[in-house]
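A quick write-up on the structure given underneath.
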Amino acid sequence: MNKQGIGTRCVQAGYTPGNGEPRQIPIVQSTTFKYDTSEDMGKLFDLEASGYFYTRLQNPTNDYVAAKIAALEGGTAAMLTSSGQAANFYALFNVCECGSHIVASSSIYGGTFNLIAVTMKKMGVDVTFVSPNASEEELNAAFQDNTRAMFGETIANPALTVLDIEKFAKVAHAHGVPLIVDNTFPTPVNCRPIEWGADIVTHSTTKYMDGHGAGVGGCIVDSGKFDWMAYADKFPGLCTPDDSYHGITYAEKFGKEGAFITKATAQIMRDLGSIQSPQNAFILNLGLESLHVRMPRHAENGLAVAKFLQSCPEVKKVTYPNLEGDEYYEMAQKYLPNGGCGVVSFELNGGRAAAESFMKKLKLIAIETHVADARSCCLNPATSTHRQMTDEQLEAAGIPAGLIRVSCGLEDSEDLIADIAQALH
Ligand SMILES: Cc1ncc(COP(=O)(O)O)c(C=O)c1O
């Protein structure tokens, strides 16, 4: 399937109906599955046979959609989660435990920052945040003996920094740990981090993948490339028998290609249970079927709005990686040559007060705690998504208090520009 173009994979990967079977993926709206004998079911519990017994662990609808996203990212296995938050937490917690340490880019989504800096810290997992612009030497210096993962976002929300995936992967691998990349904003249509060395890719499917603001969800994709057994001392959860699962050693039994997602399903999803509902997985698949058609339009609108904002005297700074002159323009040319996404950040000369008054005057672009759907929306991070962060943390993450993030939808760019112009002037 991976030899096919990205568009064909968006439409067709993950589900191939047999003769007389439904053309659209079936929604298997069932919590449980029936078996004739206890032995049949026992084999599933022992991971000796593949199949379904309880939707918290696996469901056919979810598996079709996860297989499609794995094919899009070029991975070997994937799992859907109930949200992007659950995807990032599970991906990290699958390799960390109390006493572990993470090296993470400081330029990441506020919810993920909080997850790592506060909630995982309470669980005994420590973190060192690094600048996305850090040199190799600076990145190396952040590692400790107990570091178990490196984390970053391809295009960070909302700072719109672009991660140097190749550099981060090189440093992570030199320390024997996987690089986990949240690829929510560009989606695999515009960037496939595995091709640049990332080991695990995560998504808030709530955003462009769904694309219509219809269902919250997440996804984890494994590249199948990280050799867990080569660093068995660092990853006992994958490389030594799991007493809570009949003494299975995931990396031995399922190899590089299957260990990570099997453990995340059999152990973490079993115990923590943030599964995506089959209904939401079906809705997500509808979004995926047009992802390759929608992403270029989002990026086109983003660039048009960014160019317009750049020409306005009321605007202090425009941030859009694919805009010539942007700090991350070169990086975007490397990782996002076909465009990034529809999200543009800008700062008004009048700071926080000007931002508030501008947003009040918008007519077409709505104020929402959301990005990346068909309808354009905007938000002031400092007073909403990032309000848990201090001014110092906001500054370090590149999000001044007067920053506005606008998510360009699929409308005509002329109408978006006209709305912004009337609110500005
Ligand atoms: C880059 C990124 N990762 C993760 C998340 C969290 O995803 P969710 O809201 O689906 O839990 C978000 C949410 O905005 C995000 O932008």
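Structure notes:
- Residues that are more than 10 Å from the ligand (Cβ to nearest atom) and either assigned to a loop (DSSP other than H, G, I, E, B) or over 20 Å from Phe143 (Cα atoms) (or both) within segment 90-108 comprise Tyr90, Asn94, Val95, Cys96, Glu97, Cys98, Gly99, Ser100, Ser106, Ser107, listed in sequence order.
- Selection status of Tyr15, free of Cβ contacts under 8 Å to residues at least 24 places away in the same chain, assigned to a loop (DSSP other than H, G, I, E, B) and of a type in the set (Phe, Trp, Tyr): no
- Residues located in segment 303-340, provided they are among the aromatic types (Phe, Trp, Tyr) and surrounded by fewer than 19 Cβ atoms within 10 Å (Cβ to Cβ): Tyr329
- Members of segment 302-323 found to be part of a helix (DSSP H, G or I) and farther than 15 Å from Asn190 by Cα, listed by number: Ala304, Val305, Ala306, Lys307, Phe308, Leu309, Gln310
- Within segment 73-84, the residues that satisfy the criterion of being in a loop (DSSP other than H, G, I, E, B), closer than 20 Å to Gly152 by Cα and touching a Gly at 6+ places or on another chain (Cβ under 7 Å) are Gly75, Ser83.
- Note on segment 170-241: enclosed strands (runs of 3 or more DSSP E) holding 3 or more residues that are within 14 Å of the ligand (Cβ to nearest atom) and in contact (Cβ under 8 Å) with a residue 60 or more places away in the chain are 200-204, 218-222.
- Count of segment 183-200 residues, restricted to those that are within 13 Å of Phe168 (Cβ to Cβ) and of a type in the set (D, E, K, R), is 1.
- Extreme residue, surrounded by the most Cβ atoms within 10 Å (Cβ to Cβ), among residues of segment 227-243 that are under 27 Å from the mean Cα position of the chain (by Cα) and closer than 18 Å to Phe93 by Cβ: Phe235
- Whichever residue in segment 109-165 is within 20 Å of Trp196 (Cα to Cα), part of a helix (DSSP H, G or I) and in contact with a strand residue (DSSP E or B) (Cβ under 9 Å, 6 or more places away or on another chain) and, among such residues, is farthest from the ligand (Cβ to nearest atom): Leu139
- Glu39 satisfies every condition listed in (1) under 31 Å from the mean Cα position of the chain (by Cα); (2) loosely packed, with under 10 Cβ neighbours inside 10 Å except (1).
- The set of residues from segment 52-68 being aliphatic (A, V, I, L, M) and within 17 Å of the chain's Cα centre (by Cα) comprises Val65, Ala66, Ala67.
- Residues considered: Lys307, Lys363. Of these, the only one that is more than 30 Å from Leu80 (Cα to Cα), free of Cβ contacts under 8 Å to residues at least 40 places away in the same chain and among the charged types (D, E, K, R) is Lys307.
- Scanning segment 375-398 for residues that are surrounded by 17 or more Cβ atoms within 10 Å (Cβ to Cβ) and either closer than 28 Å to Leu288 by Cα or touching a Lys or Arg at 6+ places or on another chain (Cβ under 9 Å) (or both) turns up Ser376, Cys377, Cys378, Leu379, Asn380, Pro381, Ala382, Thr385.
- Taking segment 104-147 as the range and being of a type outside the set (Val, Ile, Thr), buried (at least 21 other Cβ atoms within 10 Å of the Cβ) and more than 19 Å from the chain's Cα centre (by Cα) as the test, only Leu139 passes.
- Scanning segment 316-353 for residues that are modelled with pLDDT under 95 and among the aliphatic types (A, V, I, L, M) yields Leu348, Ala353.
- Here Ala77, Ala49, Ala71, Ala87 are screened, and the one residue that is crowded, with 18+ Cβ neighbours inside 10 Å and either within 16 Å of the ligand (Cβ to nearest atom) or more than 21 Å from the chain's Cα centre (by Cα) (or both) is Ala87.
- Subset of segment 405-420 (residues that are touching a helix residue (DSSP H, G or I) at 6+ places or on another chain (Cβ under 8 Å) and assigned to a loop (DSSP other than H, G, I, E, B)): Cys408, Gly409, Leu410, Glu411
- Residue ID - modelled with the lowest pLDDT, chosen from residues in segment 37-72 that are farther than 23 Å from Gln279 by Cα and in a helix (DSSP H, G or I): Phe45
- Residue list for segment 295-338, filter: under 25 Å from Ala374 (Cα atoms) and of a type in the set (Gly, Ala, Ser): Ala299, Gly302, Ala304, Ala306, Ala332
- Some residue of segment 282-292 being farther than 30 Å from Thr8 by Cβ, away from the ligand (no atom under 14 Å from the Cβ) and either touching an Asp or Glu at 6+ places or on another chain (Cβ under 6 Å) or at pLDDT 95 or above (or both): no
The values are calculated or read from the model by the stated rules, or taken from the named source; none is laboratory data. Predicted model only: the values in this text are computed from it and were never measured. As a convention, Cβ positions derive from the backbone with ideal geometry for all residues, glycine included, and neighbour counts pool all protein chains shown.
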